[in-house]
Amino acid sequence: MLLGALEAGGTKMVCAIVKDNGEILERVSYPTLTPDETLPVLADFFRDKGIEALGIGCFGPIDLNKESDTYGYITSTPKLAWRNTDIVGYFKKELNIPIGFDTDVNGSLLGEVTFGAAKGISDAIYLTIGTGIGGGVMSGGNLLHGMLHPEMGHILMSRIQGDDYAGKCPYHKTCFEGMCAGPAIEERWGKKGVELADRDEVWELESSYIAQALVSYILILSPKLIILGGGVMHQKQLFPIIRKKTAELLNGYLETAELKDMDNYIISPALGDDQGILGAAMLGLDMLK
Ligand code: ADP
Ligand code: ZN
């Protein structure tokens, strides 16, 4: 069976044709311009490919409440041209097939749960630390939505002593994303993360904040696995420091098999750059079940 997959991002739109076994047959990427310019290009890609459903993993915020009049819309996004865009409705009309829809990070998590590092795990988190910070959550085998969907990058942080960076989030200044996403690293240290690889203090501080966030997620969501992806996490030296600091902050309060095995609890994605597109395909497949 063939599925369409769309990874809708703020800078690029990745489209793929995927078999239900996870084989990617064709993939292209288009720049994210305005909806009027970009959506028809995407629809043309998917048309006449014989796909039975389309899944979309989308930047947000988005409306995932099926009871809502604006279900399937991109809503209050800072990408102004895309505000109040009925992306699901558009593809339904153009392609006339079932459309699955979720956040990009829930999509990536579903990809890892189906084919990658979280296979068979019912409770897991996928966090991406890149241009922004976002997190997807699976709880009891279901992707978590709630009122809207989790916005795990915008949780408030305690400032680490000695750090006087003002923070970059336009809404909260010093939230997790405002302190730790790629652009915050660049502004705080005056260089892009990739050029700071050998500056230990950069990754020490970054890990302190990431560990703080993970402790909150662990205490609230009780995940059995945490996957950390995104451009910033290409700095692999972060992983051991994050594991150590997370354990220190928990301070022995929780005793579980998972937390005793930190090396296998806080891990990298297993699917390279494919979890988003494979997860999107699975969002489409779910609509056929
Ligand atoms: P996006 O979030 O836009 O989808 P990425 O996940 O690649 O894309 O994140 C881009 C951000 O991550 C940029 O701020 C960039 O500076 C940072 N980044 C990308 N690669 C690295 C790297 N190898 N080391 C540190 N930071 C990186
Ligand atoms: Zn914020």
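The values are calculated or read from the model by the stated rules, or taken from the named source; none is laboratory data. Just so we're clear, the structure is a prediction, and the values are computed from it rather than from any experiment. Cβ coordinates were reconstructed from backbone atoms using ideal geometry, including for glycine residues, and neighbour counts include every protein chain displayed. Each accessible area value is taken on the protein alone, full model and side chains, heavy atoms only, with ligands, DNA and RNA left out. Shrake-Rupley method; radii C 1.70, N 1.55, O 1.52, S 1.80 Å.
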* Structure fact -> Subtracting the Cα-Cα distance of L2 and T256 from 0.36 nm times their residue separation yields 87.4 nm
* Asked: Can you give the Kirkwood hydrodynamic radius of the chain from its Cα pairs, in Å with one decimal?
  -> 19.4 Å
* Using a ≥ b ≥ c from the Cα gyration tensor of the stretch 178-261 (square roots of the eigenvalues), is it rounded, prolate or oblate, where a/c under 1.5 gives rounded and otherwise the larger of a/b and b/c decides, a/b for prolate? -> prolate
* Structure fact -> A chain fully extended from A197 to L219 at 0.36 nm per residue, minus the present Cα-Cα distance, gains in nm 4.8 nm
* Asked: Taking every pair of alpha-carbon atoms in the stretch 1-116, what share in percent sits in each 10 Å bin, from 0 to the bin with the longest distance?
  -> 14, 50, 32, 4
* List the residues of the stretch 150-167 whose backbone N lies under 16 Å from a point placed 7 Å from the Cα of S68 along the Cα-to-Cβ direction. => 150-152
* Asked: Taking 0.36 nm per intervening residue step and subtracting the Cα-Cα distance, what contour gain separates R83 from A166 on full extension?
  -> 27.1 nm
* Between A270, A197, A213, which gets the highest mean-square fluctuation from a Gaussian network model of the chain, Cα cutoff 10 Å? -> A197
* **Efficiency of FRET from Cβ geometry, M147 and L25, R₀ 45 Å, rounded to 0.05** => 0.75
* If you build a Gaussian network model of the chain, linking Cα atoms that sit under 10 Å apart, which residue out of P31, P269, P183 swings the most? -> P31
* Hey, how many Å between the Cα centroid of the stretch 94-171 and the Cα centroid of the stretch 179-208? -> 21 Å
* Send over a whole-number figure in Å² for the accessible area per residue of the stretch 106-157, probe 1.4 Å. => 37 Å²
* Asked: For the residue pair E248 and I121, what label-to-label distance in nm results when each label sits 7 Å from Cα along the Cα-to-beta-carbon direction?
  -> 2.4 nm
* Rounded to a whole number, what % of the accessible area of the stretch 1-155 do carbon and sulfur atoms account for, probe 1.4 Å? -> 51 percent
* What distance in nm separates the simple spin-label points at L156 and Q237, each placed 7 Å from Cα in the Cβ direction? -> 3.4 nm
* **Top positive-direction residue, dipole computed over the chain with Cβ charges, set L238, T128, L254** => L254
* Asked: For the stretch 119-267, what size does the Cα cloud have along each of its three principal axes, sorted from largest down, in whole Å?
  -> 42, 33, 26
* Whole-Å distance, taken between Cα centres, linking the stretch 1-74 and the stretch 257-276 -> 26 Å
* Asked: Whole-Å semi-axes of the stretch 171-218's equivalent ellipsoid, largest first, each the root of 5 times a Cα gyration tensor eigenvalue?
  -> 19, 14, 7
* **Kyte-Doolittle mean at least -0.5 and Cα axial length at least 24 Å: DSSP H helices in the chain** => 200-221
